[in-house]
């Protein structure tokens, strides 16, 4: 599939309306402002999210597994991921921080030129739940605009830092034409004692048809050097997906409903 093709209009219309509807319903009850802002944060709990909100969790086509990375781009680590992915002939979706892309725009262009997909993580990594509507919208808008300026491709996906959504985040994403998506499985590759083996052991029960995997190509919010655990796990993640007859690739090819 063309690396620069965005999902069709029909696909773009499929948004996790239930999350926004829940938030708006909470507003209608007259609950306090903090409760309204924090209500979507319950989706942080993976088991409930995966079961009740499969689209928001990133559940896709049964023959595909989406590979996603957060917190880059980082000149100290991201190129190593690009090299391994190139060897495996795998493309991925990278949720980038605008502040980091602004410091390494050439790397962002290289990622897209290599066929990878850039998505919006925010300008910095401060939790969205601590921001108001204006700040939240600015975080998403400025990162979206920078990705478009740097790569010539307008991003479609967004993911809040730490996977903690807020009402302001969901509403800003909708207004900016961004589709929120989290993940169905992660490797806990941010921990100081993480190794390729621990990442694989954590991911193993979650390597299922239609899964969306979360790893990190930067340690800017992780233990120093923790990214090496994810990098070392990639070949085996690919091998296990291939053995199960699953294609590993970016969200644009994942068929998220």
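The values are calculated or read from the model by the stated rules, or taken from the named source; none is laboratory data. All of these numbers come straight from a predicted model, not from anything done at the bench. As a convention, Cβ positions derive from the backbone with ideal geometry for all residues, glycine included, and neighbour counts pool all protein chains shown.
Please state which one of 81, 69 is part of a helix (DSSP H, G or I), in contact with a helix residue (DSSP H, G or I) (Cβ under 8 Å, 6 or more places away or on another chain), surrounded by 19 or more Cβ atoms within 10 Å (Cβ to Cβ) and modelled with pLDDT of 65 or more.
Result: 81 is the single residue among 81, 69 that is part of a helix (DSSP H, G or I), in contact with a helix residue (DSSP H, G or I) (Cβ under 8 Å, 6 or more places away or on another chain), surrounded by 19 or more Cβ atoms within 10 Å (Cβ to Cβ) and modelled with pLDDT of 65 or more.
Name the residue that is modelled with the highest pLDDT, counting only residues in region 52-66 that are within 17 Å of residue 165 (Cβ to Cβ) and surrounded by fewer than 22 Cβ atoms within 10 Å (Cβ to Cβ).
Selected residue: 55.
Any residue in region 92-102 that is farther than 24 Å from residue 171 by Cα, in contact with a helix residue (DSSP H, G or I) (Cβ under 9 Å, 6 or more places away or on another chain) and in a loop (DSSP other than H, G, I, E, B)?
yes
Go through region 223-237 and give me each residue that's assigned to a loop (DSSP other than H, G, I, E, B) and buried (at least 21 other Cβ atoms within 10 Å of the Cβ). Step through it out loud before you land on a result.
If we filter region 223-237 for residues that are assigned to a loop (DSSP other than H, G, I, E, B), which is where we start, we get 223-226.
Passing the criteria: only 226.
Taking only region 243-257 into account, find how many residues are surrounded by 21 or more Cβ atoms within 10 Å (Cβ to Cβ) and either farther than 20 Å from residue 114 by Cα or modelled with pLDDT under 95 (or both).
Adding up the residues that qualify gives 1.
For residues in region 119-131 being outside any helix (DSSP H, G or I) and in contact (Cβ under 8 Å) with a residue 40 or more places away in the chain, which is farthest from residue 106 (Cα to Cα)?
Among residues in region 119-131 that are outside any helix (DSSP H, G or I) and in contact (Cβ under 8 Å) with a residue 40 or more places away in the chain, the one farthest from residue 106 (Cα to Cα) is 125.
Looking for whichever is surrounded by fewer than 18 Cβ atoms within 10 Å (Cβ to Cβ) and within 19 Å of residue 55 (Cα to Cα) here; the options are 240, 175. Which one fits?
Going through 240, 175 in turn, just one is surrounded by fewer than 18 Cβ atoms within 10 Å (Cβ to Cβ) and within 19 Å of residue 55 (Cα to Cα): 175.
Can you pull out the helices (runs of 4 or more DSSP H) entirely within region 132-222 that have at least 2 residues that are closer than 25 Å to residue 102 by Cβ and in contact with a strand residue (DSSP E or B) (Cβ under 6 Å, 6 or more places away or on another chain)? Before the answer, list the steps.
On the way: elements: 133-151, 167-175, 196-203.
In region 132-222, the matching helices (runs of 4 or more DSSP H) lie at 133-151.
Within region 84-101, track down each residue that is farther than 17 Å from residue 214 by Cα and either at pLDDT below 95 or under 19 Å from the mean Cα position of the chain (by Cα) (or both). Show your work before the answer.
Step one: filter region 84-101 for residues farther than 17 Å from residue 214 by Cα, giving 86-89, 98-101.
Residues satisfying the conditions are 98, 99, 100, 101.
Testing residue 106 on (1) over 29 Å from residue 131 (Cα atoms); (2) surrounded by fewer than 15 Cβ atoms within 10 Å (Cβ to Cβ); (3) modelled with pLDDT under 95, one condition comes back false. Which one is that?
Going through (1) over 29 Å from residue 131 (Cα atoms); (2) surrounded by fewer than 15 Cβ atoms within 10 Å (Cβ to Cβ); (3) modelled with pLDDT under 95 one by one, residue 106 breaks only (3).
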